[in-house]
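Notes follow the structure.
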Amino acid sequence: MSDTLLELYRHKTWATLRLIEYCQKLDDEHLDATIPGTFGSIRQTLRHLVSADEGYFSLLTRKRLPEPLPDGLVKLGDLPRGPVPLDELAKRIRALGPRWELLAQDADVAHRECTTTDGWRVPGSVPMAQALHHADDHRSHILSILGARGLDVPEPNSLDVWGYAEAMALMTPVASGT
């Protein structure tokens with residue numbers, strides 16, 4: 001099962017980066033747009049997605065990793081107040097990706113007790129699952145805003161797991177006649 005979890009975290013990083021890179025080409029008028037039923041503007045939603053991802057990671061690690069990366073960094077500094085450049089958000093997601101992969105391979109993390117900032121105790125499996133769900137949910141919000149504004153969105157299914165599998169060459173067509 002850890003291989004499945006590992007792929008889900010790789011997909012989360014890949015899809016979020018792909019969406020940020022797409023949004024970097026948008027004008028401010030689009031980045032500051034929102035529609036009812038979504039979190040907020042595209043810019044606000046991306047900031048929230050990244051900040052929450054860092055928060056879930058910090059909750060799980062509390063500055064501990066069984067095998068920290070060579071830079072020794074476990075938690076990035078808090079995002080500054082106000083608008084954050086999209087390239088900074090992409091940089092943070094790139095830094096978190098390998099760290100999430102380490103956690104996904106840690107057999108004990110799902111059972112490790114975590115205490116949330118608002119005083120709830122939960123097994124590590126809860127914030128791990130929330131990190132995956134949260135990123136997917138907010139990527140969908142952004143795609144909804146883009147579509148509602150009549151903008152092209154990344155190709156159909158390009159941010160889903162099938163798109164990831166194809167991009168990573170994890171799936172290949174079956175030869176015809178077999």
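The values are calculated or read from the model by the stated rules, or taken from the named source; none is laboratory data. All values reported here derive from a predicted model rather than from experimental measurement. Don't worry about glycine lacking a Cβ; one is built from the backbone with ideal geometry, like all the others, and counts go over all protein chains shown. Each accessible area value is taken on the protein alone, full model and side chains, heavy atoms only, with ligands, DNA and RNA left out. Shrake-Rupley method; radii C 1.70, N 1.55, O 1.52, S 1.80 Å.
What to note about this one:
- Nearest-0.05 FRET efficiency for Leu151 and Asp3, computed from C-beta distance (R0 30 Å): 0.25
- Axial C-alpha extent at least 20 Å, average Kyte-Doolittle at least 0.0 - helices from the chain (DSSP): 42-61, 125-148
- If only the Cβ of Lys and Arg carry +1 and only the Cβ of Asp and Glu carry -1, the dipole of the chain around its Cα centre is close to 460 debye.
- Taking a ≥ b ≥ c as the square roots of the eigenvalues of the Cα gyration tensor, the stretch 73-170 is classed as prolate, since a/c reaches at least 1.5 and a/b is larger than b/c.
- If R0 is taken as 30 Å, the Cβ-Cβ distance between Lys25 and Asp78 corresponds to a FRET efficiency of 0.65.
- Computed Rg/Rh of the chain, alpha carbon atoms with Kirkwood Rh: 0.99
- The residues neighbouring Glu166, those whose beta-carbon lies less than 14 Å from its own, together hold a net charge of -1 under the Lys/Arg +1, Asp/Glu -1 convention.
- Heavy-atom accessible area with a 1.4 Å probe sorts Tyr9, Tyr56, largest first, into Tyr56, Tyr9.
- FRET efficiency, 1/(1 + (r/R0)^6) with R0 22 Å, evaluated for Arg94 and Ala129 via beta carbons: 0.45
- Sequence-distant residues sharing a close amide H with Cys114 (under 5 Å, placed H): Val122, Gly124
- Evaluated at q = 0.18, 0.33 Å⁻¹: base-10 log I(q)/I(0), Debye formula over Cα of the stretch 138-178: -0.61, -1.06
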